[in-house]
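None of the figures in this text is laboratory data; all of them are computed from the coordinates on show. Here the structure is a predicted model, which means the values were calculated and not measured. Virtual Cβ from ideal backbone geometry, glycine too; neighbours counted across all protein chains shown.
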Amino acid sequence: PFVQRKQGIPFRFNMPHAMSSSARLLAAVRRCASLNGARRIARYASTYSTHDSGSSIEKSVFISQSTDVFVNLALEHWLYRNFDFSKHHVLLFWRNDPCVVFGRHQNPWLECNVQAAEKADIALARRNSGGGTVYHDNGNLNLTFFTPREKYNRRYNLNIITNALFRQWGLKSVINEREDILINGDCKV
């Protein structure tokens, strides 16, 4: 497995003045999600963890330490296969070096110029979930919310992000009818 829990190892989230914007967003989301506990995941991810007050559901935020798309997709898959989400909700943050990620049912040759991507040394990867083709690089922060299927609430998850954007930077954002996050009416986050 790519992740092993080590109990009792403290992990502090330091907030230096010169934090990257993705690190500041991570800190803001962590505050918004009320994830105050701290433990460390060995090698590939760090985690913050707490129990929901009045509930037996544990909530954790995992932060991948890798920028390799294949490691991150494997970590995402490992979390999906190894957690009981009825008792443990998870939010995974991850960034990738330049790559193109395809949905489960997409044809790479119809979605992008495969030869140009290979020539530019841009990795091509397929994720296990559906959805569209996306370009990733270190300038974007990817989030994966893991909850039981019957409790999945996209709007609730998006509100965690919009609240973090407002608390950290004072950015007023809206969730449109397509469930995209928009800033200034037309800038998609």
Once phi is turned into θ = phi - 60°, what whole-Hz ³J(HN,Hα) does the Karplus curve with 6.51, -1.76 and 1.60 give for every residue of the stretch 105-112, x standing for Gly and Pro?
10, 9, 9, x, 6, 8, 8, 8
Provide the per-residue ³J(HN,Hα) series for the stretch 160-168, in order, calculated from phi with Karplus coefficients 6.51, -1.76, 1.60 and θ = phi - 60°, each as a whole number of Hz, with x at glycine and proline positions.
4, 5, 5, 5, 5, 4, 6, 5, 7
Going residue by residue through the stretch 133-148, the Karplus relation 6.51 cos²θ - 1.76 cosθ + 1.60 with θ = phi - 60° gives ³J(HN,Hα) values, rounded to whole Hz and with x marking Gly or Pro, of 7, 9, 9, 10, 8, 5, x, 10, 9, 9, 10, 10, 9, 10, 9, x
Ranked by Cβ crowding within 10 angstrom, fewest neighbours first, how are Glu111, Glu118 ordered?
Glu118, Glu111
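Hey, what D do you get for the stretch 57-152 in µm²/s if you plug the Kirkwood alpha-carbon radius into Stokes-Einstein at 20 °C and 1.002 mPa s?
Value of D from the Cα-based Kirkwood radius: 150 µm²/s.
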